[in-house]
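Each remark here refers to the structure printed beneath this line.
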Amino acid sequence: MKTLLKISWRNIWRNRTRSLVIIIAIILGLMGGVFSAGMRLGIETQQFRETVETQISHIQLHHPEFIANPEARFHLDNGLAMAEEIMDLAWTKIASPRTVFDGMITSANMNAGVRIKGIDPEIEARTTGLNELLEEGTYFEDNGRLPSVIIGQRLARDLRAEKGSRIVLTFQDKKGEIVSASFRVEALYSVVSPQFEERTVFVKSTILNPLIEDNNSVTEIAVLIDNLDDYQAKAEMLREMYPEAEVRSWADLAPSLHFSIEFLHRNLAWMVGIIILGVSFGLLNTILMSVLERVNELGVLMAIGMKRLQVFLMVVTETALLSVVAGALGLILSYLMVILLNINGIDMSGAGGEGLAEFGYDTIIFLEVPAKLYFDVGILLVVFAILASIYPAWKAVRFSPAEAVRME
Amino acid sequence: MGPSGSGKTTFLNLIGGLDKPTQGQVVIDGTDISTLKESKLFDFRLRNIGFVFQSYNLIPVLTAKENVSFIMLLQKQSKEAMEKRAKEMLEQVGLSDKINVRPNQLSGGQQQRVAVARALASKPKFVLADEPTANLDTESAFNLLDIMSRLNKEENITLIFSTHDQRVIERAKRVITLVDGEVSKDEKFDR
Ligand SMILES: Nc1ncnc2c1ncn2[C@@H]1O[C@H](COP(=O)(O)OP(=O)(O)OP(=O)(O)O)[C@@H](O)[C@H]1O
Ligand SMILES: [Mg+2]
């Protein structure tokens, strides 16, 4: 067995140039595969972060009526207690209770329809990181006479308001009566989605709730869970816990993002698979050439008593070893490539990146390559290589020893 | 011996179990090898028959010593026994200084000597040598034949040659002449 390995290993290096050529081809194939997969996953992760993490969270709970009529009267009963209960679950990171409804914002010059979100600043910071989305101003320090509102940069532009401007919010209270209150713009935030930024304003729920005459009002609970992989199961668990609430996961809330992620994941396997398949054919060709050059030698081996199976295994081992060497080098180099490229990220502006910018996405992409991808690529390569070696190995033992020995 | 195309290689291949006869039997020590199943036949060759071919004898990626040990390895002999026997045989063929050298650094004659050492190392019942000197210059051929006839006596192993070489024929105890695939002469000599 050891000798079989030794012979196979040395056979690889008999024709150094040929082996190096295929090794380099495999390395480049793997690097290309890892690069394009990493690029797509990077874009996806970025989009996911920018929409799910900063805007919609993993799971949301509402009163069923609220979805069609976002009004204060459709609130969750005992919403605060629910949020606390959810937060105490072992698999949740945080649950942010909010008072959300639609209303109107009025500046000195203009007005616009907006969604008003009453939040607990400390919990919200841990949920969406709102405090880190600020472009200007401070995060609910309330250092003016008027209560604070944080609005999007785009909305401020539309309203011709700026940090420090006084604005008025108008909305219906719990009973349906119209209420107006003055706020001061304490800060401007920015997110990737222009619609969100133009339509969403944040105030403290402790200010908002008395205005709608319901001190414990909660119309929305945004939840982050620990392990995003089973968000569906967790959403289901919440559905069972709170049958009276409408529970929606990020996939329900952002179906197109969900679709594109699913699509990508399915595509990725094909993309990587096809690259490896191509590389395997190169390998097949290399091994076939080396086997056909050695027909006499293999014939002698069989004549003196080496079994066909042993010769067959020798060729398979040779291919497997070659793929392991090339695969290991290819993955190490891919890993280094990812690290190097991620130091500064890949600037896509001017290279088709405008499309991204238009949708509000960052034009600097960071490659995202999960450890599992390296692992899968490595395993897949070796498996395909072994499959590719079957034909040459069969060729090697096809002749009877007598024929092989005589062959010129 | 016999002219080209007379069936020498075919004859040796039949004796060695590399070919099967369309008619008749090949019986070695009471075993009819022409009816053995393939896997049994591989095993029979491994245990009983040594081979020296005209060329491509050695595994290029193994050293002289590893080549000589190869059959013993397939026979699953112990490491120490193999080591000892391989060194002994390489010494016998005058290559003790080339133990760790690979075939491509050996001359044609030296390569054939390693092949002879390998064939004899596992102590087979007999060794089949199909024109082992055909690709060698006169001196190397002479040298190889010397070594082979000495080992024939010392190791007490029968060597069966196919050859055109008069020098081989001069040393043989029995000479079978083939013509057109048939035995035309069978002479015995006492030397
Ligand atoms: N007894 C036989 N019956 C049928 N076919 C035979 C017989 N002997 C030889 N042949 C055929 O004759 C051809 C040549 O035989 P072989 O190669 O054994 O000759 P050779 O003596 O070794 O020649 P060379 O000196 O060129 O090596 C082969 O195709 C073989 O099949
Ligand atoms: Mg011949």
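The values are calculated or read from the model by the stated rules, or taken from the named source; none is laboratory data. Note that this is a predicted model, so its numbers are computed, not measured. Please note: Cβ atoms are built from the backbone with ideal geometry, for glycine as well, and neighbour counts cover all protein chains shown. When the accessible area is computed, the model is the full protein with side chains, heavy atoms only, and any ligands, DNA or RNA have been set aside. Shrake-Rupley method; radii C 1.70, N 1.55, O 1.52, S 1.80 Å.
Looking at this structure, is A:E71 in the same structural domain as A:Q172 (by TED's automatic domain parsing) and open to solvent by 10 Å² or more (accessible area, probe 1.4 Å)? Before the answer, list the steps.
On the way: in the same structural domain as A:Q172 (by TED's automatic domain parsing): yes; open to solvent by 10 Å² or more (accessible area, probe 1.4 Å): yes.
Judged against the criteria, A:E71 is a match.
Is it the case that segment B:84-95 has a residue that's out of contact with any strand residue (DSSP E or B) (no Cβ under 9 Å at 6 or more places or on another chain), under 18 Å from B:L128 (Cα atoms) and more than 16 Å from ligand 2 (Cβ to nearest atom)? Steps first, answer last, please.
To start, the set of residues in segment B:84-95 that are out of contact with any strand residue (DSSP E or B) (no Cβ under 9 Å at 6 or more places or on another chain) comprises B:84-95.
Those still in the list that are under 18 Å from B:L128 (Cα atoms) too: B:89, B:93.
Now narrow it down to the ones that are more than 16 Å from ligand 2 (Cβ to nearest atom): B:89, B:93.
Looking through segment B:84-95, at least one residue is out of contact with any strand residue (DSSP E or B) (no Cβ under 9 Å at 6 or more places or on another chain), under 18 Å from B:L128 (Cα atoms) and more than 16 Å from ligand 2 (Cβ to nearest atom).
What are the residues in segment B:16-51 that are aliphatic (A, V, I, L, M) and within 15 Å of ligand 1 (Cβ to nearest atom), if any? Please lay out each step first, then the result.
Initial filter on segment B:16-51 (aliphatic (A, V, I, L, M)): B:18, B:26-28, B:33, B:36, B:41, B:46, B:49.
Within segment B:16-51, B:L18, B:V26 qualify.
Can you name the residue in segment B:119-138 that is over 18 Å from B:G17 (Cβ atoms) and open to solvent by less than 10 Å² (accessible area, probe 1.4 Å) and is also farthest from ligand 1 (Cβ to nearest atom) among such residues?
Per the criteria, the residue is B:A121.
Out of all the residues in segment A:271-285, which are farther than 19 Å from A:T317 by Cβ and open to solvent by less than 40 Å² (accessible area, probe 1.4 Å)? Lay out the reasoning, then the answer.
We begin by selecting, within segment A:271-285, every residue farther than 19 Å from A:T317 by Cβ; these are A:271-278, A:281.
Matches in segment A:271-285: A:V272, A:G273, A:I276.
Please identify the pairs in which a residue from segment B:1-14 that is of a type in the set (G, A, S) has its Cβ atom under 7 Å from the Cβ atom of a residue that is near ligand 2 (Cβ under 9 Å from one of its atoms), counting only partners at least 6 apart or on another chain.
B:G2/B:K8
State yes or no: is B:V175 away from ligand 2 (no atom under 16 Å from the Cβ), open to solvent by less than 50 Å² (accessible area, probe 1.4 Å), of a type in the set (A, V, I, L, M, F, W, C) and over 16 Å from B:R113 (Cβ atoms)?
Values: away from ligand 2 (no atom under 16 Å from the Cβ): yes; open to solvent by less than 50 Å² (accessible area, probe 1.4 Å): yes; of a type in the set (A, V, I, L, M, F, W, C): yes; over 16 Å from B:R113 (Cβ atoms): yes.
So B:V175 passes the test.
Evaluate segment A:57-65: report whether one residue or more is crowded, with 21+ Cβ neighbours inside 10 Å and either among the basic types (K, R) or farther than 27 Å from A:A254 by Cβ (or both).
No.
Right, B:N13: at the interface with chain A (Cβ under 10 Å from one of its Cβ atoms), within 16 Å of ligand 1 (Cβ to nearest atom) and polar (S, T, N, Q) or not?
Details: at the interface with chain A (Cβ under 10 Å from one of its Cβ atoms): yes; within 16 Å of ligand 1 (Cβ to nearest atom): yes; polar (S, T, N, Q): yes.
Yes, satisfied.
Could you check, for segment B:177-191, whether at least one of its residues is within 16 Å of ligand 1 (Cβ to nearest atom) and within 17 Å of the chain's Cα centre (by Cα)? Show your work before the answer.
Taking segment B:177-191 as the starting set, the residues that turn out to be within 16 Å of ligand 1 (Cβ to nearest atom) are B:177-186.
Next, from what is left, pick out any that are within 17 Å of the chain's Cα centre (by Cα): none.
No, every residue in segment B:177-191 fails to be within 16 Å of ligand 1 (Cβ to nearest atom) and within 17 Å of the chain's Cα centre (by Cα).
Could you grab me the full set of residues in segment B:43-90 that are open to solvent by 40 Å² or more (accessible area, probe 1.4 Å), free of Cβ contacts under 8 Å to residues at least 40 places away in the same chain and either within 14 Å of the chain's Cα centre (by Cα) or facing chain A (nearest Cβ under 7 Å) (or both)?
Within segment B:43-90, B:Y56, B:L73 qualify.
Do the conditions hold for A:R18, that is, is it touching a residue at least 40 places away in the same chain (Cβ under 8 Å), within 14 Å of chain B (Cβ to nearest Cβ), surrounded by fewer than 20 Cβ atoms within 10 Å (Cβ to Cβ) and in contact with a helix residue (DSSP H, G or I) (Cβ under 8 Å, 6 or more places away or on another chain)? Before you say what the answer is, go through the steps one by one.
Values: touching a residue at least 40 places away in the same chain (Cβ under 8 Å): yes; within 14 Å of chain B (Cβ to nearest Cβ): no; surrounded by fewer than 20 Cβ atoms within 10 Å (Cβ to Cβ): yes; in contact with a helix residue (DSSP H, G or I) (Cβ under 8 Å, 6 or more places away or on another chain): yes.
Criteria not met by A:R18.
In segment A:367-404, what count of residues is obtained for those that are open to solvent by less than 30 Å² (accessible area, probe 1.4 Å) and part of a helix (DSSP H, G or I)?
Within segment A:367-404, residues that are open to solvent by less than 30 Å² (accessible area, probe 1.4 Å) and part of a helix (DSSP H, G or I) number 14.
Counting just the residues of segment B:124-153 that are within 16 Å of ligand 2 (Cβ to nearest atom) and in contact (Cβ under 8 Å) with a residue 40 or more places away in the chain, which one comes out farthest from B:R171 (Cα to Cα)? Steps first, please.
Within segment B:124-153, the first condition is being within 16 Å of ligand 2 (Cβ to nearest atom), and the residues that meet it are B:128-136.
Narrowing further to those that are in contact (Cβ under 8 Å) with a residue 40 or more places away in the chain: B:128-132, B:134-135.
On the way: B:L128: 16, B:A129: 15, B:D130: 16, B:E131: 15, B:P132: 15, B:A134: 17, B:N135: 20 Å.
It comes out as B:N135.
Among (1) assigned by TED's automatic domain parsing to the domain that holds A:L336; (2) under 28 Å from A:L367 (Cα atoms); (3) not polar (S, T, N, Q), which single condition is A:I59 missing?
Result: A:I59 passes all but (1).
So which of A:Y189, A:Y231 is open to solvent by less than 30 Å² (accessible area, probe 1.4 Å), more than 19 Å from A:R73 (Cα to Cα), more than 23 Å from the chain's Cα centre (by Cα) and not acidic (D, E)?
Numbers: A:Y231 fails: more than 23 Å from the chain's Cα centre (by Cα).
Unique residue meeting the criteria: A:Y189.
Looking for whichever is in the same structural domain as A:S400 (by TED's automatic domain parsing), surrounded by 15 or more Cβ atoms within 10 Å (Cβ to Cβ), under 37 Å from the mean Cα position of the chain (by Cα) and not basic (K, R) here; the options are A:L268, A:L288, A:L313. Which one fits? Step through it out loud before you land on a result.
Details: A:L288 fails: under 37 Å from the mean Cα position of the chain (by Cα); A:L313 fails: under 37 Å from the mean Cα position of the chain (by Cα).
Answer to the check: A:L268.
Specify the residue that is most open to solvent (accessible area, probe 1.4 Å); the eligible residues are those in segment B:7-36 that are within 16 Å of ligand 2 (Cβ to nearest atom) and in a helix (DSSP H, G or I).
Taking segment B:7-36 as the starting set, the residues that turn out to be within 16 Å of ligand 2 (Cβ to nearest atom) are B:7-16, B:18-19.
Within this subset, residues satisfying the condition of being in a helix (DSSP H, G or I) are B:8-15.
Working: B:K8: 18, B:T9: 36, B:T10: 61, B:F11: 84, B:L12: 11, B:N13: 11, B:L14: 39, B:I15: 31 Å².
The selected residue is B:F11.
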